[in-house]
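The values are calculated or read from the model by the stated rules, or taken from the named source; none is laboratory data. Every value quoted in this text rests on a predicted model; they were computed, and no experiment measured them. Positions of Cβ are generated from backbone atoms using ideal geometry, with glycine treated the same way; all protein chains shown enter the neighbour counts.
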Amino acid sequence: MLVKDAKKITDSLTGTSKMPGKSYSLPAWECQTGSKLWDNPTSPCFYCYAKKNNYVRYPAIKAAQYRRLDSLTNPLWVEAMVTQIKKMKFFRWHDAGDVQSADHMEKILEVARQTPDTKHWLPTQERPYLPDPEVVPDNMIIRLSAAKIDGSFGKAWTHGSSVVTDGSETCPSAKQGNQCLDCRACWSKDVVNVSYGKH
């Protein structure tokens, strides 16, 4: 499959100025758990960046996100994603949006299996769709997001992320121009939890 044909199936990947590599953006409005947390100011989802700024300023961005969402049922979706990702060193799933179903999660895992030279990072709030840790390929890390600010991701999963207000964040981006630069903690299975400062 050619990349141009793959993009017709999945729509394009997304670029973020902060991180290395590309990402894949879905509409935050369709987050299943996140939509239940939007009205709770103790949750990071209350401050969701993917429902403001450029995500809403440009209608074309939101339209593309919904095209990507619709593409998830395409039988060629896995092959199309593999075609676009396989030469990348790092990939982040969902700079906006989240996993939609157990089938969606399995498709993501299969993309990771078929791109062993790419390191995959998937942050998620969707606890019902977490797979058996034994089936997650070595080149992929799934980070369960803490549901509350200054909270823990709990013991339901092996790795996580959290948002903190006490200055204990481990993500260095705020001190380096909102850039990852040479930090790859989010993609590292050696780092159990990555904490981000609330902003």
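Keeping to segment 154-169, report how many residues are closer than 17 Å to Arg92 by Cβ and either surrounded by fewer than 15 Cβ atoms within 10 Å (Cβ to Cβ) or of a type in the set (Ser, Thr, Tyr) (or both).
Summing the residues that are closer than 17 Å to Arg92 by Cβ and either surrounded by fewer than 15 Cβ atoms within 10 Å (Cβ to Cβ) or of a type in the set (Ser, Thr, Tyr) (or both) in segment 154-169 gives 1.
Among the residues of segment 159-193, which ones are of a type in the set (D, E, K, R) and outside any loop (DSSP other than H, G, I, E, B)?
Within segment 159-193, just Lys175 meets the criteria.
Among (1) aromatic (Phe, Trp, Tyr); (2) buried (at least 22 other Cβ atoms within 10 Å of the Cβ); (3) over 25 Å from Cys183 (Cα atoms), which single condition is Phe91 missing?
Looking at each condition in turn, Phe91 falls short on (3).
Across segment 89-118, what is the number of residues that are modelled with pLDDT under 95 and either in a loop (DSSP other than H, G, I, E, B) or aliphatic (A, V, I, L, M) (or both)?
Here the count works out to 3.
So, in segment 94-126, of the ones that are farther than 20 Å from Ser145 by Cα, touching a helix residue (DSSP H, G or I) at 6+ places or on another chain (Cβ under 8 Å) and among the charged types (D, E, K, R), which residue ends up surrounded by the fewest Cβ atoms within 10 Å (Cβ to Cβ)?
Glu110
Conditions (1) under 13 Å from the mean Cα position of the chain (by Cα); (2) within 25 Å of Lys36 (Cα to Cα), marked per residue:
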{"position": "Phe90", "(1), (2)": "yes, no"}
{"position": "Ile108", "(1), (2)": "yes, yes"}
{"position": "Thr124", "(1), (2)": "yes, yes"}
{"position": "Pro128", "(1), (2)": "no, yes"}
{"position": "Gly160", "(1), (2)": "yes, yes"}
{"position": "Asp166", "(1), (2)": "no, no"}
{"position": "Tyr196", "(1), (2)": "no, yes"}
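Considering only residues that are of a type in the set (S, T, N, Q) and in a strand (DSSP E or B), look in segment 14-45 and name the one that is modelled with the lowest pLDDT.
Thr14
Return a yes/no flag: does segment 176-186 have any residue that is in contact (Cβ under 8 Å) with a residue 12 or more places away in the chain, crowded, with 19+ Cβ neighbours inside 10 Å and in contact with a strand residue (DSSP E or B) (Cβ under 7 Å, 6 or more places away or on another chain).
Yes: segment 176-186 contains one or more residues that are in contact (Cβ under 8 Å) with a residue 12 or more places away in the chain, crowded, with 19+ Cβ neighbours inside 10 Å and in contact with a strand residue (DSSP E or B) (Cβ under 7 Å, 6 or more places away or on another chain).
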